[in-house]
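The values are calculated or read from the model by the stated rules, or taken from the named source; none is laboratory data. Everything numeric here is computed off the predicted structure, so don't read it as measured data. All Cβ positions, glycine included, derive from the backbone under ideal geometry; neighbour counts span all protein chains shown. Each accessible area value is taken on the protein alone, full model and side chains, heavy atoms only, with ligands, DNA and RNA left out. Shrake-Rupley method; radii C 1.70, N 1.55, O 1.52, S 1.80 Å.
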Amino acid sequence: MAAFLLRRILQSLVLVWIVLTITFFLLHLAPGDPMARYEHPDISPETVMKMRGQLGLDRPVIEQYFIWAAGFARGDFGVSFRYNRPVGEILAETIPNTLRLTVASMALYVLFGLALGMMSAARRYSAFDRLNTIVALFVYSIPSFWLALMLIMLFSLKLGILPSSHMQSLDSASMSGIPLFLDRARHLVLPAFVLGVASAAGLARYMRGSMIDVLREDYIRTARAKGLPERSVLLKHAFRNAAIPVVTILGMSLPFLLGGAVIVEKIFSWPGMGGLMVEAIYTRDYPVVLAVNFVVAVMVILGNLLADTGYAVLDPRIMSKETGR
Amino acid sequence: MEKLLEIRGLTTEFVTSEGAAKAVDGVGFDIGAGETVGLVGESGCGKSVTALSIMRLVQYPPGRITAGSVMMDGRDLMKLPEKQMRRVRGNDISIVFQEPLTSLNPVFTCGEQIRETIALHQKMGRRESRLKAVEMLRLVRIPDPEKRYDNYPHQMSGGMRQRVMIAMALSCQPRLLIADEPSTALDVSVQAQIIELLLDLKERMGMSVLLITHDLAVVAQMADRVVVMYAGAVVEEAPIDSLFSDPMHPYTEGLMASIPKLGERLERLPVIPGNVPDPLRLPSGCRFSDRCTKRIPKCLIEEPPLFSPAAGRLSRCWLREGIGR
Ligand SMILES: Nc1ncnc2c1ncn2[C@@H]1O[C@H](COP(=O)(O)OP(=O)(O)OP(=O)(O)O)[C@@H](O)[C@H]1O
Ligand SMILES: [Mg+2]
C-alpha cells in the first residue's frame, strides 16, 4: 500500500509540473497583456515600460519561465500584478473559503447521491423511484447558474429566509460561538446546495445502477437466507459492493465540483479561489492564475488518490493483487 | 417418524412477458425429523425454486408464491409475518446454495460472514460469536481455522468456499438443512469430499436434510426417501430402496437408466430424449407425455393425479391408476 501511494504521488508531481508548464506558455501566448489596464492618458508609456521591466515582463518568455519555475520550486508563488501582494498570502485567505464551500458541497453530494441512489434501487420502479428519476433528470439538465438564481429568488427575495450572498453577515464581527456558526451555516446553504445537490443527481443514477446490479448477486440471496433484516442486507452487504465502482466516479467528480465552484462563488459573492481565478484571468494576473491552477491540480490529484485508496480499501481483491497474494 | 415439515400445494410463479410461468406447480411432500429427503429431477424442473419458496426467498418481481402451505411446529411459514420468518431463516431452516463461488460476499471475510449469522440468531457478543465461527470452520474441516477466518472468499478454492457455506448454514444448529446441489459446481474430486462431509455432519448433528440434486448416485448414498420432480410437479415419491428396485414412473426409469453402473462401459449413457418443457408450454394432459416411452392415449388428454400404488409410494402416472389402494 505504501509503495503504491508513493508511486502515485511521484507520478502526480510530474503531472502537476506538466500542467503548470503548459498553462504558463498558454497564458503568455494568449492575447492580452497584464499592463493593459495601465493604458491611461495620465500614465506615460515610459512608466508602463518601467513597470514592465520591474515585473520582468520585458524578458523573453523562456527566461520568464525559468525565473518563475525556480521561484515556484522553492515555494515562492510570486507577487500578484494586480494586488501587488505575495500570491501565497492571497491564497492563504481564499483557499479556506473555497474549501469550506467544496467540503460542504462534497458532503451533500455524497450523502444525497448515495442515499437517493440506494433508496431508488431498493424500491425499484416504485413511485419514489420514478419521482426520483424525473427530479434527477430535471436537476441534472438545468444549468447551475440558473438554479442558483431561482433559489436566490425564492429563498432570499420571496421568502427572505436565507442570505443570497457572502460568507457571513456584515455584523458577524460581533458574533462568536454558536451564533457565528449558525450565521455562516445559513450563508452556506444555498451555494452548497447548488454545487452539491444538483450534481448529486448524476451520482444517484450511478449508485442506483450499481446497487441494482449488486442486488441481483447470489451473495445478497445468501444474506437474506441468513435471516438478516432487509436494512442490513442493503446497508451492509449490498452497499459496500455497490460503492466500489461509484468511488471512481467520486474521484472524477471533484474537478467538476471545483469548476462549478468558480461559477457558484461568482454568483454568491463567495470570497474564494473561484472568484479570484476569474478576476486573475481577466486582468492577466499570471502568478495568481498559475498558483490557483496549481492548487486546483493538487486537489484534483488528491481526490483521485483518495478514490484509488478508497477503492482498494473497499475491495479486498485489489489489495491482494497489489501484494501478490 | 415425527414430521418436521409438511409442504402442501406449493405454487410459485414467475411473471414473464408471455404470462405467469408456474415454475413450481402444487408441490407437496413431508420431511421427517432427522430424515434426509432427496429432491431429484433434471435441470430446470423447479428444484431450486421449491427450496427458495420454502424459505420465502423468491424475489418479487418476477417471482411470487401464489398458493400452498409449509407447516412447521404448527405454523404455516407461508403466512408468517416477515419479521418472524427472518427468525426461521438461518436458524430453523438454512440453505447451502448451488453456486459456491458467488454465494459469499466478496468484501467480507469468510469468518465474519459466519460470525454475523451466529450473532444474529444467538444473542452472542463479538468475541463469543467469533470463537463459535472458528469452531464451525473446524467442524467443516477447514485446516488452520483461526487463520482461515480472516480469509476473503477469493482467497479460497471452490471446495473451501462451499465448506464455509456449510459452516454458515449449520452455525445455528438448524433443524432443516436444504442443500441445493451442494457439489455440482465443484471439481469431481472435491464433490465426493463435500458429500462425505455432509453425511458426517448429518450423522453428528442429526438435523433433517433436503438434498437437492440431479445425481441419483448421490441420492442413493445419502437419502432415506426420494421425491422426483418433473416440470414443476412431484411425479414420484418413494423410500430410497424401493425407488431403485422398482421405479413407478417412466420419468424415474429414464433418470435411472442414465446412471453409469459400476464396471459397465458405455460409449454414451442413454438419456431421456427431449428437454424439460417450458412451464408456459406444458404439453396437454400429462406433463411428461411428450417424452414418455409408455404413453397411452389418456396421457394426452388428462393430467394424472398422484396415485398411491403401494404403501409409502406415490406416482403421477396413469399406468398406476387403480393399482394398490
Ligand atoms: N428469477 C427467475 N425468473 C424467471 N424464471 C425463473 C427464475 N428462476 C427460475 N426460473 C424458472 O423456474 C424454472 C425452475 O428453475 P429452477 O432453478 O428451480 O430449476 P432447478 O431444478 O433448480 O434446475 P438446476 O438443476 O439447473 O438447478 C425454470 O424454468 C426457470 O426458468
Ligand atoms: Mg437449481
**Complete:** Non-local residues with an amide H under 5 Å from the amide H of A:Val79, with H modelled 1.01 Å from N and Pro and chain starts lacking one, are A:Val87
**Request:** Express the relative contact order of chain B as a whole percentage, based on alpha carbon pairs under 8 Å and six or more residues apart in sequence.
**Result:** 19 percent
**Request:** Before anything else, pin down the relative contact order of chain A: Cα pairs under 8 Å, at least 6 apart, normalised by residue count, whole percent.
**Result:** 26 percent
**Prompt:** If the cut-off is 24 Å between C-alpha atoms, which lysines fall inside it for B:Lys294, apart from same-chain ones fewer than 8 positions away?
**Reply:** B:Lys261
**Message:** If Rh is defined by the Kirkwood formula over all Cα pairs and Rg also comes from Cα, what ratio Rg/Rh do you get for the protein assembly as shown?
**Reply:** 1.16
**Item:** D (Stokes-Einstein, µm²/s), Kirkwood Cα radius, chain B, 0.890 mPa s at 25 °C
**Value:** 118 µm²/s
**Prompt:** In degrees between 0 and 90, to the nearest 10, how far off the longest principal axis of chain A does helix A:273-282 point, with axes built from Cα atoms?
**Reply:** 40 degrees
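Once the Cβ-Cβ distance between A:Ala36 and A:Val135 is put in as r, and R0 is 45 Å, what FRET efficiency do you end up with, to the nearest 0.05?
Efficiency, from the Cβ-Cβ distance: 0.45.
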**Request:** Would you mind calculating the gained length between B:Leu80 and B:Glu303 on full extension (0.36 nm times residue separation, minus the Cα-Cα distance), in nm to one decimal?
**Result:** 77.0 nm
**Prompt:** In nm, to one decimal, how far is the A:Leu170 label point from the A:Val61 one, both placed 7 Å along Cα→Cβ?
**Reply:** 4.6 nm
**Prompt:** What length, rounded to one decimal in nm, is gained on full extension from A:Leu99 through to A:Ala69, with 0.36 nm per residue of separation minus their alpha-carbon distance?
**Reply:** 8.2 nm
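Return the average number of partner chain Cβ atoms within 10 angstrom of each residue Cβ along peptide B:139-152.
On the way: counts 0, 0, 0, 0, 0, 0, 0, 0, 0, 0, 0, 0, 3, 6.
Other-chain Cβ atoms within 10 Å of each residue's Cβ, averaged: 1.
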**Request:** Using only Cα atoms, tell me the angle between helix A:177-192 and the longest principal axis of chain A; keep it within 0 to 90° and round to the nearest 10.
**Result:** 90 degrees
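Using Stokes-Einstein with the Kirkwood hydrodynamic radius over Cα pairs, what translational diffusion coefficient do you get for segment B:104-203 at 4 °C and a viscosity of 1.567 mPa s, in µm²/s rounded to a whole number?
95 µm²/s
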**Fill in**
Output row B,A: buried area (accessible, probe 1.4 Å, summed both chains) in Å², nearest hundred, equals 2300 Å²
**Message:** Tell me the accessible surface of A:Ile43 in square angstrom (1.4 angstrom probe, heavy atoms of protein chains only), to the nearest ten.
**Reply:** 60 Å²
**Fill in**
With every protein chain in place, the accessible area of A:Tyr286 for a 1.4 Å probe, in Å² rounded to the nearest 10, comes to 10 Å²
**Message:** Quick check: with the 1.4 Å probe, what order do A:His187, A:His166 take by accessible area, largest first?
**Reply:** A:His166, A:His187
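From the helices alone, meaning DSSP H stretches of at least four residues, give me the mean residue ellipticity at 222 nm for chain A, per-run term -39500 (n - 2.57), in deg cm²/dmol to the nearest 500.
Details: 13 runs with 228 residues, N = 325.
Result for chain A: -23500 deg cm²/dmol, rounded to the nearest 500.
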**Complete:** Any lysines whose Cα falls less than 30 Å from that of A:Lys266, other than same-chain ones fewer than 8 residues away, would be A:Lys158
**Message:** What is the angle, in °, between the Cα long axis of helix A:239-267 and the longest principal axis of the Cα atoms in chain A? Nearest 10 is fine, range 0 to 90.
**Reply:** 30 degrees
**Asked** Which ³J(HN,Hα) values, rounded to whole Hz and listed in residue order, are derived for segment A:116-126 from phi using the Karplus coefficients 6.51, -1.76 and 1.60 in 6.51 cos²θ - 1.76 cosθ + 1.60 with θ = phi - 60°, glycine and proline given as x?
**Response** 5, x, 5, 5, 4, 5, 5, 10, 4, 6, 7
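Can you give the mean number of other chain Cβ atoms that lie within 10 Å of the Cβ atoms in peptide A:210-221?
Mean partner shielding for this stretch: 3.
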**Prompt:** Is any helix in chain B, taking whole DSSP H runs, at least 24 angstrom long along its axis by alpha carbon and on average at least 0.5 on the Kyte-Doolittle scale, and which ones?
**Reply:** B:188-205
**Message:** For peptide B:96-105, what's the mean number of Cβ atoms from other chains within 10 Å of each residue's Cβ?
**Reply:** 4
**Prompt:** By a straight-distance test (C-alpha under 20 Å), which aspartates and glutamates pair with B:Lys79 as possible cross-link partners, with residues fewer than eight away in the same chain excluded?
**Reply:** A:Glu230, B:Glu6, B:Glu13, B:Asp25, B:Asp30, B:Asp92
**Prompt:** Averaged per residue, what accessible area in Å² does the protein assembly as shown show with a 1.4 Å probe, protein chains only?
**Reply:** 49 Å²
**Request:** Return the carbon/sulfur percentage of the accessible area of segment A:2-73, one whole number, probe 1.4 Å, all protein chains in place.
**Result:** 71 percent
